[in-house]
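A short reminder: the numbers here are calculations on the coordinates, not readings from a lab. The structure displayed is predicted, hence computed values, not measured ones. Note that we place each Cβ from the backbone using ideal geometry, even for glycine, and neighbour counts take in every protein chain shown.
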Amino acid sequence: MAQKLRLGVLASGGGSNLQAIIVNAAAGKLDAEVVVVISDVECGAQERARKAGIPAVVVDRRDKARYPTREAFDEAVLEALRAHEVELVCHAGYLRMMTSKLVEAYAGRMMNIHPALLPSFGGPGMWGHHVHQAVLDCGCKVSGCTVHFVTAGTDEGPIILQRCVPVEEEDTPETLAARILPYEHVLYSGAIQLYAEGRVRIEGRRVRILPKPA
Ligand code: GRF
């Protein structure tokens, strides 16, 4: 069997997207495996990684003695990714702004999931409930989720996959987030599998999904 794609997941929160990737990989639905989970804070994702027997690394953002600058911090992240021979980096609720060094090191090999339909409702400050509140404030009738490649601009990279989810009359940021999250879990693994199959080609701002070889 061909070697599995080696995933490094960056996460700062509960880690439900991480969990979905772990479950799908274990079920043989992905030609990929999570080889390391890296966080900037002790969090649920770290816990989930440990439970699954996956190396869990905290590069503590509050440890200014070890990581006095953003560059030093990202150097430590990069070191962990390289030590585990990561081929594709998956952001799954990673809340730390990155330096260009880290972004460039994995250009075209780093994905993120965002809980809205980019290019709307993305960018600095657009995370968690802020995203869903902004969607509701604009009176949108649909929202959704987006998997995209990571580039220097926050949430600006080429879009790989999107899924539309309806906004309901009585939605709050919490109910909308809860409706979107299960779709995120499916979408992210879908994008990872396409990448693992070599079917994702970046053409400028666009991502072309190549057909399955006959
Ligand atoms: C998800 O909504 C994701 O789209 C966003 O952060 C959230 C992470 O949730 N980037 P979880 O930690 O995977 O449960």
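Test of understanding: what is the full-extension gain from Ser100 to Arg163, defined as 0.36 nm times their sequence separation minus their Cα-Cα distance?
On the way: separation 63, 0.36 × 63 = 22.68 nm, distance 2.88 nm.
My answer for the length gained is 19.8 nm.
With +1 on the Cβ of every Lys and Arg and -1 on the Cβ of every Asp and Glu, and nothing else charged, how large is the dipole of region 127-214 about its Cα centre, in debye rounded to the nearest 20? Kindly include the intermediate steps, with their values, before the conclusion.
On the way: 9 positive and 11 negative charges, 148 e Å.
Result for region 127-214 is approximately 720 debye, rounded to the nearest 20.
Using θ = phi - 60° in the Karplus curve 6.51 cos²θ - 1.76 cosθ + 1.60, the 3J(HN,Hα) couplings for region 26-35 round to 5, 7, x, 8, 10, 8, 7, 9, 7, 9 Hz; x is entered for Gly and Pro. At q = 0.12, 0.14, 0.15 Å⁻¹ the log10 of I(q)/I(0) for the chain amounts to -0.61, -0.84, -0.96, computed by Debye summation with a single uniform scatterer per C-alpha, solvent ignored.
Quote the relative contact order of the chain in percent (integer), defining contacts as alpha-carbon pairs under 8 Å separated by 6+ residues.
Numbers: 404 pairs, mean separation 40.0, N = 214.
Dividing the mean separation by the residue count of the chain yields 19 percent.
Work the Kirkwood hydrodynamic radius out for region 151-214: mean of 1/r over every pair of different alpha-carbon atoms, inverted, in Å. Kirkwood hydrodynamic radius for region 151-214: 13.8 Å. Residues whose amide H falls under 5 Å from that of Val207, counting only those 5 or more places apart or on a different chain, are Ile159, with hydrogens built in the peptide plane. For region 64-136, the Kirkwood radius over C-alpha pairs fed into Stokes-Einstein at 20 °C and 1.002 mPa s yields D = 154 µm² per second. Enumerate lysine pairs in the chain that are 8 or more residues apart or on different chains, then count those whose Cα atoms are under 24 Å apart. Qualifying lysine pairs in the chain: 6.
As a check on your grasp of the helix formula, calculate [θ] at 222 nm for the chain: sum -39500 (n - 2.57) over DSSP H runs of n ≥ 4, divide by the residue count, round to the nearest 500. Per the formula, -10500 deg cm²/dmol. Label point of Glu79 set 7 angstrom out along Cα-Cβ; within region 35-58, amide nitrogens under 17 Å from it belong to 37-41, 56-58.
Could you give the nm distance between label points at Arg61 and Leu181, where each point is 7 Å from its Cα heading toward the beta carbon? With each label point 7 Å from Cα toward Cβ, the separation is 2.0 nm.
Rg and Dmax of region 1-57, based on Cα coordinates, read 10.8, 36 Å.
Between Leu136 and Ala26, the modelled labels are 3.4 nm apart [label points 7 Å from Cα along Cα→Cβ]. Residues whose amide H falls under 5 Å from that of Leu117, counting only those 5 or more places apart or on a different chain, are Gly144, with hydrogens built in the peptide plane.
Rounded to the nearest 20 debye, the dipole magnitude of the chain is 600 debye, with +1 charges on Lys and Arg beta carbons, -1 on Asp and Glu beta carbons, and the Cα centre as origin.
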